[in-house]
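This report concerns only the one structure given below.
The values are calculated or read from the model by the stated rules, or taken from the named source; none is laboratory data. What you are looking at is a predicted structure, and each value in this text was computed from that prediction instead of being measured. Neighbour counts run over all protein chains shown; Cβ positions are idealised from the backbone, glycine included. SASA here: full protein model, heavy atoms, side chains in, ligands and nucleic acids out. Shrake-Rupley method; radii C 1.70, N 1.55, O 1.52, S 1.80 Å.
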Amino acid sequence: MKKIIYGIMMVATFTACDLDRFPYDSVATDELFADEGGLLAATEGTYSLLKGDANGGGFSPQLHRITEYPGDNVALSGTTTDPLFYTYNYNNITTSGRVNDIWSSGYKAIVGCNKVIELTTEGESLDSDQLIGENYYLRGYVYFQLVNVFGRPYVQGTSNLGVPLKLTSDIDDIPDRNTVGEVYDQIVTDLLKAEALMSQDKINAYATKEAAQALLSRVYLYMGQNDKAIEYADKVINSGKFSLVSTGEFSKYFQKVPEENPETIFCFRFVEESDYNHGWYTVGSLYANIQGAGWGEMYASKSYLNLINEHPEDVRKGFIVPQYELDENGDKIPAVYWVNDNYKYEFRRTFEEGGNTYFTQDGTNYQVMSEIQNGKTLYYFNNSANEKIYVDNDFDMYKRNGYPKFFITKASLQEDVPHLWSPVISRLAEMYLNKAEAYAKMGNEAEALANANIIRDRAGIPAYTSSADFPAGKTLLDVVLDERRLEFAYEGHRKFDVFRNNMTMDRRYPGTHLNGSNPYYEVLPTDNRVIEYIPESQINAQPSLIQND
């Protein structure tokens, strides 16, 4: 028992000071691995390290911020001295403690995996093989995330610098940065090894054969190996071990007890007793204030709202909770709103007169009118220059610094705890959308739409029968990526999905990312800041590391 407890503490417990140190120096002792209990303890410690802590630190919480905040699904309502602001507005800094946390905690986890792999022998038992396989999976997973945060997308060239491949627990083994191609090769090797070793069914808080297959599907998709992405997605689908959450239940997906969710393949399991504290520093706290907990300063972007409102019946809107103002009777207050030429929201309360709807601006009453386009009702008014301005006809909202509070609850409310959340690494819906994207790139419209429509049907929106149904100007790949955006918003996919497809991140919508003298209205896939700087503290510890431009 002493060995097990010691192992958990040795591998899993790090203070803020530890994270500033060289990341290869926290290695469990050989004594820890004297029996299978030690192996289990070390592996549990690595899960714990990757999960992060109740104060919002560690690999998983920081990864969410670094991958989600630079996307086009979010809009920050103020400025902050927190390093997250520099990731959000693409003015990245080399001294970000959040980025350093990802690097340092990631490599500590890798070293922990290396130690297990080095000091165990395959084939001794199914139990030990399972645990060895889990360590190969976790190492492959961490390298996959690190190379995408710090290295350019695979499709932009495999000779670009990625991250160091640390494959031993020797503290004197201090590798320099490997190429993106070399890191991806190692990821595939690790995940194939994990797939071969793992044979036991476990709850989805642990890696399994299917978790390795699911991640391989995504890795191959990022590599442009579309046939392999399809093959591995089918392995998961055909296992019969997972099923999509129903349409009626989907808006409560992340409220469910994670291990009871039939769609989740693998997640990092957070529990209230040890991983929550008061909830103010969890991932969900920035997205919403719930029951008095949370900052509620990062909202759904107008870009994302426009996309999801193309089908108001989409059940995925359930993750967006507008904070409406109420009158003295407790009723919502009718209003229209739009975004002006300076990317600022304009809200005007409306009133009815003579069967028509009006609002007042600068002493002039403007009538809100409607028209039908492509079967949808659009609202507009004609301004003083007789220009048609399209508006959202809705209700007035509470605002922060002029930004309406479109709270996001996807990272909150697990088991009805305000900001408890277990981040999902892989779920069944991704397998269908991986296939849809792969088929789209292979020019197979029928199969691409068949797989995308499985997700559209679950969302409660119309299926595409052919390209004739696509929105104007959209290609097959466009509509598949739009579906991926809608499905995986706030799950850490969007930034990678845009840039790995050599697309531009369009951020021409309200938010404080447009503050300052030289904001990024659009981010090209070739821009330097598509990737993060290597943390300065890591280069200070290892001067041979080459910094990103």
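Considering only residues of the range 57-90 that are of a type in the set (S, T, N, Q) and modelled with pLDDT of 95 or more, which is surrounded by the most Cβ atoms within 10 Å (Cβ to Cβ)?
Gln62
Would you say Val245 is within 30 Å of Lys209 (Cβ to Cβ), among the β-branched types (Val, Ile, Thr) and open to solvent by less than 10 Å² (accessible area, probe 1.4 Å)?
The answer is yes for Val245.
All but one of (1) part of a helix (DSSP H, G or I); (2) surrounded by fewer than 24 Cβ atoms within 10 Å (Cβ to Cβ) hold for Gly140; state the number of the condition that does not hold.
(2)
Pull out all pairs, ordered by first then second residue, where Cβ-Cβ is under 7 Å, the residues are six or more apart or on different chains, the first lies in the range 167-181 and is over 11 Å from Leu545 (Cβ atoms), and the second is of a type in the set (Lys, Arg).
Matching pairs, first to second residue: Ser169/Lys115; Asp173/Lys166; Val180/Arg152.
Does at least one position in the range 460-475 carry a residue that is buried (at least 21 other Cβ atoms within 10 Å of the Cβ) and not in a loop (DSSP other than H, G, I, E, B)?
Looking for residues that are buried (at least 21 other Cβ atoms within 10 Å of the Cβ) and not in a loop (DSSP other than H, G, I, E, B), one finds none in the range 460-475, hence no.
Pull up the range 415-432, narrow it to residues that are open to solvent by less than 10 Å² (accessible area, probe 1.4 Å) and over 15 Å from the mean Cα position of the chain (by Cα), then point me to the one that is farthest from Val283 (Cα to Cα).
Met431
Residues in the range 148-174 that are open to solvent by less than 20 Å² (accessible area, probe 1.4 Å), in a loop (DSSP other than H, G, I, E, B) and either at pLDDT below 95 or under 20 Å from Ile117 (Cα atoms) (or both): how many?
Going through the range 148-174 one residue at a time, the tally reaches 2.
I'd like the full set of residues that are open to solvent by 60 Å² or more (accessible area, probe 1.4 Å) and assigned to a loop (DSSP other than H, G, I, E, B), limited to the range 181-205.
Result: Ser199, Asp201, Lys202, Ile203.
Can you go through Tyr343, Tyr324, Tyr337 and tell me which one is aromatic (Phe, Trp, Tyr), touching a residue at least 24 places away in the same chain (Cβ under 8 Å) and open to solvent by less than 50 Å² (accessible area, probe 1.4 Å)?
Criteria check complete, one pass: Tyr337.
Consider Asn178 carefully, then state whether it is part of a loop (DSSP other than H, G, I, E, B) and either within 20 Å of the chain's Cα centre (by Cα) or crowded, with 17+ Cβ neighbours inside 10 Å (or both).
no
Checking Ile308 against (1) open to solvent by 40 Å² or more (accessible area, probe 1.4 Å); (2) in contact (Cβ under 8 Å) with a residue 40 or more places away in the chain, which single condition isn't satisfied?
Every condition holds for Ile308 apart from (1).
Is it the case that the range 189-201 has a residue that's within 16 Å of Arg427 (Cβ to Cβ), at pLDDT 95 or above and of a type in the set (Lys, Arg)?
No, the range 189-201 has no match at all.
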